[in-house]
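Since the structure comes first, as C-alpha cells, the remarks are kept for the end.
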Amino acid sequence: MSTLSPLKMLPLLIPAAFLITAGVLWLPGHPLMLDNAYTVAFKTGFIGILLEALPFVLLGALLSSLLRVFVPDEMISRWIPRRPVPAILFGCLLGILFPVCECGMIPLVRRLMHKGMPLYVAIVFILSGPILNPVVYGATLTAFRAHPELAYARMGLAFLVASVIGLVVYATVRKSPLRLSISREGGEIHERSTRGGKLVAVFVHTSEEFFEMGKYLIIGCLLTSGIQTFMDQGSLAAIGGKPLGSYLFMMGLAYVLSLCSTSDAFVASTFLHTFPSGSLLAFMVLGPMLDFKNSLMLLSLFKTKFAFYLFFLIFSAVFIASVLASLWL
Amino acid sequence: MNDSRSIRLHYGFRSLVLLLFALYIGHLVQQDALHYYVAPKLARWIRLCPVPLALMALSLGIQALFGKSTLLCDCEHRLPRSGLGSAMLYSLFLFPLLLGFLLPDRSLGSEAAAKKGIALSYIAEEAAEHVKFNAASPYLEEFAELAGKLYAQPVIQVYPEIFSETLGAIDLYKPQFEGKSITVTGFLYQENGKGAKKAFAVSRFLVQCCTADATPLGILLDPATQISLPADTWIEVRGKLHMSFYQGKEVIKIIPDSIVPVPSPSTPYVYTNADSVAAWAEIHESGHVAK
C-alpha cells in the first residue's frame, strides 16, 4: 500500500473530475440555479471566511516552522516559569504579544508544545490569546460605545476562564494528550532532509502545517457557511426570552457562527436590545475559545478524549462565569 | 510510511494546489473582487498571501524534483497512505478553488439580510434620551458631534463611507431629527414575512472582517409606500425622517418622496470608520468643490 503508482492515482482524479463536471454543467445550463440567493450567499460566506482565515493560518504556520528550524528546543522551556500560577499569567500575556487570530493559533501552539511548553500553559495561551489582545479590546469598545463596561468584562472573563481552565488542566491531566507523539521528532533528520538550506526547510514545513490545518479549516468553513446560509437567526431568537435559554442560545450561536474575535463584538451588539448583557458576554468569550472550525482544529491537535474534556471545561466555565458576571453588571 | 516516490507525488500535488490558491487570490485582486468577501483592512493582508504561497509551492517543487530520495521523509506530518485518502484531501482543497473560479462574485442581498436579522435601531433605548447633541458618555461623543453636523444640513446625505455612523447618530437623537430631509442609497430589503404587509427598508451590509460577520443595517420605509421594485434592487430614497414602531421597538423610518433605481455601486458593503466626523467633513468639502 506504500507505493502510489500511476494506476492508483486514478481515484484521485474522480472527485476532481466530478466537481469540474458538476461546476461546468451548472454554469451555462442552469443560470436560474446560479441566481439562487442561497448559492450566492453560500459562496460569499464560504470564500469570505476562508480568505479571512488564510493570512492568519499562513502566519501561524510560518511562525511555527520558523520556531522549528531556528529556535533550539530548550529555549522556550527556559522562559516559562516553573510554578503554575506565574506560568499561567505568562500564558495570558503571550496572547498580548502574539495577536494571532484563533485559526493561526493551533500550528503555533503545537510547535511550542513540541519545544517544551507545558500543556496547561499552551491551553491558557490557546484560550486567552484570541481575546486578550489590544486589537480585540479596541474592537469591542467600538462595538459597545454605550456600554464600555461590557468590553472590560469581556477581557476580565476571558482571563478568568483561561486561568481557571489552565489550573484544572494542570491539576487533572498527567499524560500528554497530543495526537502525534513528540518522540518521533528528531530535529536533525529534517535539517538534512530538505534541499536548499534552512530557508527552503522553513517553507516546506510551513506548507505541511498549512495542509494539516487547511483540511480542518475548509471543513469548518463549509459547515459554518452552510449554517449561516440556511439558519434563520430571527426565528431562533425566540429562545432568548427565557433567562437561561438566552445564555445557551448565544453560546450555541457563537459556536456555529465561527466569527473572528475582532469582529464578533459587532455581531453581539446587534443583540443588545433583545438579550441580557450576560449572554452577550458568553457569546463574546466562548466564540473565540471554541467554535466550529476551531474545535475541528483542536481535535486534530489533541486526542479525542482530551479534546472533549476541554470542550466541556470551556463550555461550563464560560457559562458559570457569564451568569455570575451578569449579576454584577 | 510512504516511499520517496509517493512523497514526491504528494509534494508535486501540494505545490500545484498552493500555486492555484496564489493564482486565485491574484485573480480576485486583479478583478477587484476581494471587497465582495472581506473588508479593506483585511484585504491588505490577503493581497500579501500569494507571496508566501508561491514560496511554499516553489520549495515543495524543489523537494519534489531535486530532493535526494533517501532524505525525503514524512515521519512527522503524516501524508495520506491510500489513494482514496489523497483523493479526499486534494479534492477538499480544490473545492474552494472550483467554487471561487466557477461561480460569479456577488454581494449578499435581501434574502441573507432576512436570515441574519436586519438591524433597524442601533443604540440602547436608555442611552437615547439626551439633551440635544450632548453626549452623556465619552463613547457617544463622536455620534453627538456627527449628529450636530448632520442636523445643520438642509438635506442629510448618508455617505456610504460613514453609513453605520450616520445611522447611529440619527438613531441616537431620533426626536430631534423628526421631519428632517434625507437622501440614502442602498439595496431594497423586503421582509420575509408570510403576511400581505411586508416591511421594506433601504439597507446596506456592514462588514467588519469578512462576509461571515456581515450585519445588515437599514432604515425602514414607511409601510404606506407603494413599492413595485423587486427586492435587492439598488435604490436612492429621498424623503423625510419620522419616528415609528417596528416589532415593539422605536425606530426611525423614511416617508419617501421618491424612490429611484440606481446602478449597483462598485463597493456593495459599508465599513466602519475610525473617525466619522473627520470623514464626513472631508467628503462634504470635496462634494462642495465638485459642485
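Worth pointing out:
- B:Y11 meets the conditions (1) aromatic (F, W, Y); (2) at the interface with chain A (Cβ under 7 Å from one of its Cβ atoms); (3) farther than 19 Å from A:I49 by Cα in every case but one. The failed one is (2).
- Considering segment A:130-149, and only residues there that are part of a loop (DSSP other than H, G, I, E, B) and not basic (K, R), the residue that is nearest to the other protein chains (Cβ to nearest Cβ) turns out to be A:A146.
- Within segment B:112-137, if we keep just the residues that are in contact with a strand residue (DSSP E or B) (Cβ under 9 Å, 6 or more places away or on another chain) and facing chain A (nearest Cβ under 8 Å), the residue that is modelled with the lowest pLDDT turns out to be B:E125.
- Top-ranked residue of segment B:81-95 - restricted to ones that are within 17 Å of B:D3 (Cα to Cα) and buried (at least 17 other Cβ atoms within 10 Å of the Cβ), ranked as modelled with the lowest pLDDT: B:G83
- Summed over segment B:271-291, residues that are charged (D, E, K, R) and either assigned to a helix (DSSP H, G or I) or buried (at least 17 other Cβ atoms within 10 Å of the Cβ) (or both) total 2.
- Taken together, B:S258, B:S244, B:S266 contain a single residue that is away from every other protein chain (no Cβ under 14 Å) and closer than 30 Å to A:L222 by Cβ, which is B:S266.
Residues checked against (1) in a strand (DSSP E or B); (2) at the interface with another protein chain (Cβ under 10 Å from one of its Cβ atoms); (3) at pLDDT 75 or above:
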| residue | (1), (2), (3) |
| --- | --- |
| B:Q176 | no, no, yes |
| B:G179 | no, no, yes |
| B:I182 | yes, no, yes |
| B:Y189 | yes, no, yes |
| B:N192 | no, yes, no |
| B:G195 | no, no, no |
| B:V202 | yes, no, yes |
| B:Q208 | no, yes, yes |
| B:P216 | yes, yes, yes |
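- For segment B:234-270, the set of residues classified as of a type in the set (S, T, Y), touching a helix residue (DSSP H, G or I) at 6+ places or on another chain (Cβ under 9 Å) and surrounded by fewer than 19 Cβ atoms within 10 Å (Cβ to Cβ) consists of B:S266, B:T267, listed by residue number.
- On the stretch given as segment B:40-62, residues that are over 17 Å from A:F56 (Cα atoms), in contact (Cβ under 8 Å) with a residue 12 or more places away in the chain and at the interface with another protein chain (Cβ under 7 Å from one of its Cβ atoms) total 1.
- Taking (1) touching a Gly at 6+ places or on another chain (Cβ under 7 Å); (2) at pLDDT below 75; (3) in a helix (DSSP H, G or I) in turn, A:T274 satisfies each apart from (3).
The rows are residues; the columns are (1) modelled with pLDDT of 80 or more; (2) in contact with a strand residue (DSSP E or B) (Cβ under 9 Å, 6 or more places away or on another chain); (3) surrounded by fewer than 19 Cβ atoms within 10 Å (Cβ to Cβ); (4) not charged (D, E, K, R).
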position	(1), (2), (3), (4)
B:L79	no, no, no, yes
B:L97	yes, no, yes, yes
B:D105	no, no, yes, no
B:Y139	no, no, yes, yes
B:A144	yes, no, no, yes
B:Q153	yes, yes, yes, yes
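- Of the residues making up segment B:1-57, those that are over 30 Å from the mean Cα position of the chain (by Cα) and either surrounded by fewer than 18 Cβ atoms within 10 Å (Cβ to Cβ) or of a type in the set (K, R) (or both) are B:M1, B:D3, B:S4, B:R5, B:R8, B:G12, B:R14, B:L16.
- Flag if A:V173 is within 20 Å of A:S322 (Cβ to Cβ) and hydrophobic (A, V, I, L, M, F, W, C): no
The values are calculated or read from the model by the stated rules, or taken from the named source; none is laboratory data. Being a predicted model, the structure only gives us computed values, none of them experimental. Methodologically, a virtual Cβ is constructed for each residue, glycine included, from the backbone with ideal geometry; neighbour enumeration extends over all protein chains shown.
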